[in-house]
Amino acid sequence: MRYVKIKAKTYNEAMMKLKMEHGDDAIPISHKYVKEGGLLNSKFFARDVVELTAAIQEKKVLSRIPEKKGSIDIRVGDTEAERNILAGRILSSLGREEIAPAAPKAPLRAREENPAVSETVISGTARATRAAGVDVSSVERPEQDEAVLDRGDFAALRKLEKEFSEMRETLHSFIRSQKDAAKPAQGQPAEEDRFLDPYRTILKNNDYDLDECCTLMQELKNSISRDDLRDKYKIEKSLRDLLKSKIVTSGPYNLGHKKKVIMFFGPTGVGKTTTMAKLGAIYALREDHTVSFITLDNYRIAATEQLKKYAEIMKIPVHAVNDQKEFKALLEKEKSEIIMIDTSGRSHRNELKISEIKSFADLVEYDFEKILCVGANTRKADIHEIFKSFDKIHFDSIIITKVDETSHIGNVIDVADRFKKPISYYTNGQEVPNDIVLADPDKLVNLMFGPAIN
């Protein structure tokens with residue numbers, strides 16, 4: 001048995017290199033990470049590589065009985081197949097094609113390894129050949145240099161064979177344990193994964209499924225060094241940076257010098273009317289723009305009355321529209337700088353009603369902003385369906401509502417990232433106009449993390 005060391009970038013690459021250079025007889029024993037390639041033999045700019053230690057089993061050289069004139073060419077082996085071949089050669093040399101019965105299962109040794117010998121094995125072979133109907137009287141008796149075993153050596157070799165089998169099983173068990181260590185089973189994470197568990201929990205709380213968590217954790221591992229995987233501050237910073245890279249924001253809306261039309265739509269009860277009132281108050285009262293409200297919600301009387309109440313307090317004109325012709329005429333006649341349009345809440349499963357909203361949106365010929373309002377307290381699967389259904393209107397950005405009613409908002413952020421839609425604002429209460437916040441990646445990630453990690 002000899003030992004070799006293989007260096008490679010990864011454990012799998014080292015295993016492949018070992019198999020290519022030394023074949024299947026190579027047995028991996030252990031591996032570790034070492035530094036290599038440092039500047040002037042130092043650790044500066046050194047990189048981590050895997051050093052794999054393996055055992056190489058020497059090829060077994062089978063003893064060969066010296067040839068004599070008229071003697072049989074015999075190769076001594078340890079397996080039952082080799083012993084069958086041996087018996088077959090004896091019979092073949094005697095002019096018979098039959099395969100002799102299997103020789104005793106004990107391994108044979110050459111005479112030079114065991115000087116004290118008896119005729120036990122040769123006698124057994126002779127009996128086997130007589131049973132097959134072969135006259136063995138003309139076969140030469142083994143001389144001093146032919147392979148035979150005495151009873152003591154026979155027992156010793158059987159014991160050695162048993163010990164070798166136990167050693168082989170031990171090596172196989174060791175190899176299996178090494179593979180399990182290199183590739184941890186589910187529920188048994190590697191050592192450094194223990195430091196990632198709190199951050200994996202944060203992602204699960206934000207409605208990321210198992211595959212998404214694994215993908216993000218792998219991206220996190222790739223972004224920091226192995227040593228940093230034990231530093232919770234560096235882990236948290238790296239995860240925050242990773243999540244921020246997936247967030248795009250678009251607020252505030254560009255007003256320009258032309259008439260600006262902003263339409264709000266989304267599922268029923270998501271808070272579109274209150275959100276529109278908050279933005280209307282900001283533009284009219286804080287920024288001193290002229291603002292008008294238009295409502296297309298003729299199904300809920302309470303919603304129209306609520307909007308009129310807000311408009312009365314803020315001294316903003318409000319118009320209720322029943323059909324597309326009236327809507328288009330009102331857009332042309334209205335002189336306000338900003339026109340905000342409230343629509344009735346529609347289920348994302350009602351394609352006909354969503355198409356109705358789209359038909360109004362298609363009539364707008366001015367600087368147009370289409371806003372989808374989505375509740376943060378909505379299940380992620382439903383948010384995905386909402387985005388998919390309302391994407392027929394080709395909305396420009398989203399406002400996350402009801403942030404104060406949930407602990408995490410990653411469900412909306414992940415779906416927005418998948419649909420490549422920016423986030424403009426989020427609302428965190430019912431108070432007009434205070435409870436609305438301009439979207440910012442840092443603030444959104446803070447909402448995803450929730451309470452600080454201890």
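So the values come out like this:
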{"quantity": "Residue exposure sequence - TYR199, TYR3, TYR283 - by fewest surrounding Cβ within 10 Å", "calculated": "TYR3, TYR199, TYR283"}
{"quantity": "Nearest-0.05 FRET efficiency for LEU242 and THR170, computed from C-beta distance (R0 41 Å)", "calculated": "0.40"}
{"quantity": "Qualifying chymotrypsin sites (Phe, Trp or Tyr not before Pro) for segment 298-373 [loop in DSSP, other Cβ within 10 Å: at most 16]", "calculated": "TYR299, TYR366"}
{"quantity": "Sum of side-chain charges, ASN254 neighbourhood, beta-carbon under 15 Å (Lys, Arg +1; Asp, Glu -1)", "calculated": "-1"}
{"quantity": "Estimated distance in nm for a label pair at ALA46 and GLU287, the labels positioned 7 Å out from Cα along Cα-to-Cβ", "calculated": "5.7 nm"}
{"quantity": "Segment 399-407 - phi-based ³J(HN,Hα) in whole Hz, Karplus 6.51/-1.76/1.60, Gly and Pro as x", "calculated": "10, 8, 9, 6, 4, 6, 9, 8, 8"}
{"quantity": "Exceeding the 30 Å Cα-Cα cut-off - candidates LYS35/LYS420; LYS17/LYS234; LYS278/LYS325; LYS315/LYS402", "calculated": "LYS35/LYS420; LYS17/LYS234"}
{"quantity": "Sites THR268 and TYR366, calculated FRET efficiency, Cβ-Cβ separation with R0 30 Å, nearest 0.05", "calculated": "0.60"}
{"quantity": "Fully extended contour minus Cα-Cα distance, from LYS32 to LYS5, at 0.36 nm per residue", "calculated": "8.6 nm"}
{"quantity": "FRET efficiency for GLU13 and GLU405, using Cβ-Cβ distance with R0 set to 56 Å, rounded to 0.05", "calculated": "0.65"}
{"quantity": "Prolate/oblate/rounded call for segment 253-317, Cα gyration tensor, a/c under 1.5 rounded", "calculated": "prolate"}
{"quantity": "Cα gyration tensor category, rounded, prolate or oblate, for segment 2-56 with a/c compared to 1.5", "calculated": "prolate"}
{"quantity": "Backbone HN-Hα couplings from phi across segment 415-432 [Karplus 6.51/-1.76/1.60, Hz, Gly and Pro as x]", "calculated": "5, 4, 5, 5, 8, 6, 10, x, 9, 9, 9, 9, 10, 9, x, 9, 6, 9"}
{"quantity": "Prolate/oblate/rounded label for segment 193-244 (Cα gyration tensor, a/c 1.5)", "calculated": "prolate"}
{"quantity": "Surrounding net charge for LEU203, when Lys and Arg each add one and Asp and Glu each subtract one, Cβ distance under 10 Å", "calculated": "-2"}
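Only the coordinates and a few stated rules stand behind these numbers; no lab work does. What you see is a predicted model, and the numbers here were worked out from it, not measured in a lab. Heads up, the Cβs are rebuilt from the backbone with ideal geometry, glycines too, and the neighbour counts pull from every protein chain shown.
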